[in-house]
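See structure below.
What follows draws every value from the coordinates through simple rules; no lab data is involved. Everything numeric in this text was worked out from a predicted model, so none of it was measured. We place every Cβ from the backbone using ideal geometry, glycine too, and count neighbours over all the protein chains shown.
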Amino acid sequence: MSSATTDPHPEPATSSRSRGLVLVVEDEPAIADVIRLNLTKAGYGVHIERRGDTVLAAVARLRPAAIVLDVALPGEDGISICRSLRAGDDWTPVIFVTARDDEVDRIVGLELGADDYVTKPFSPRELVARLGGVLRRTHGVPDATPQTVGAVTLDDVRRRVFTGSDEVALTVTEFDLLAHLMHKPGRVFTREQLLSAVWGYSSVAGTRTVDVHIAQLRSKLGQASPIRTVRGVGYAAEHRAAPS
Ligand code: CA
């Protein structure tokens, strides 16, 4: 591997395989190798699939903790794979690896239930950070009391969200973002604050990530959405949210 892709400040080695198995779907061998090296170094087990049409079977067989999913793949593309997983009620965290901005727009626009994405070329450290963030959020300490803001009820213990009596299926990231806003109704959070609180890091992600997930939440919650845009500042959850 070229030195350009080697992390000069590796994390200290943690106990091997203790952080769970990550299924990496990537058809470019050089990229797959870099991802494997860095995830292994960070303490994850790694299984690599090089074709899209073998992924659903691999997920069923391996039950990975998370999936790092390239978009353009032989056999079946990542967008189709993610759609199939979610349609089958499989909410394993998915981090997309995209080559182009227009793929990001497709991922967002199609409401696929992606938890995060990185755009090639990405630093291995960024991918490890995002993966750690997604996994950490799935193991957070829940608040026992369901909370209602406007027409939306959030159940932290069961990680479920309802509008009236209808349950809304959210990704790990969407849930955590909504929960962070709803736990402090009326308080305005900047995008940077939300990045830091929900993603757990601030230097590698752009604020667009926050906007993307807010848009996904609004789309799923529809008229019931309690999220208000505070122009030039950020977002808040309000009992009566103005449309924006
Ligand atoms: Ca590819």
Could you estimate the translational diffusion coefficient of segment 147-237 from the Stokes-Einstein equation, with Rh from the Kirkwood formula over C-alpha pairs, at 25 °C and 0.890 mPa s, in whole µm²/s? 187 µm²/s
Qualifying lysines (Cα of each under 30 Å from Cα of Lys220; at least 8 residues distant if same chain): Lys120, Lys184
Cα-based Rg / Dmax (Å) for segment 13-139: 13.3, 39
Using the Kirkwood formula on alpha carbons, the hydrodynamic radius of segment 12-84 in angstrom works out to 12.4 Å
Cut-off under 15 Å on the C-alpha distance; same-chain residues fewer than 8 positions from Lys41 excluded. Which aspartates and glutamates are left, in chain and number order? Asp7, Glu11, Asp33, Glu126
Please work out the C-alpha center-to-center distance from segment 39-101 to segment 171-241 and express it in whole Å. 26 Å
Please report Val212, Val68, Val198 as a ranked list, fewest other C-beta atoms within 10 angstrom at the top and most at the bottom. Val212, Val198, Val68
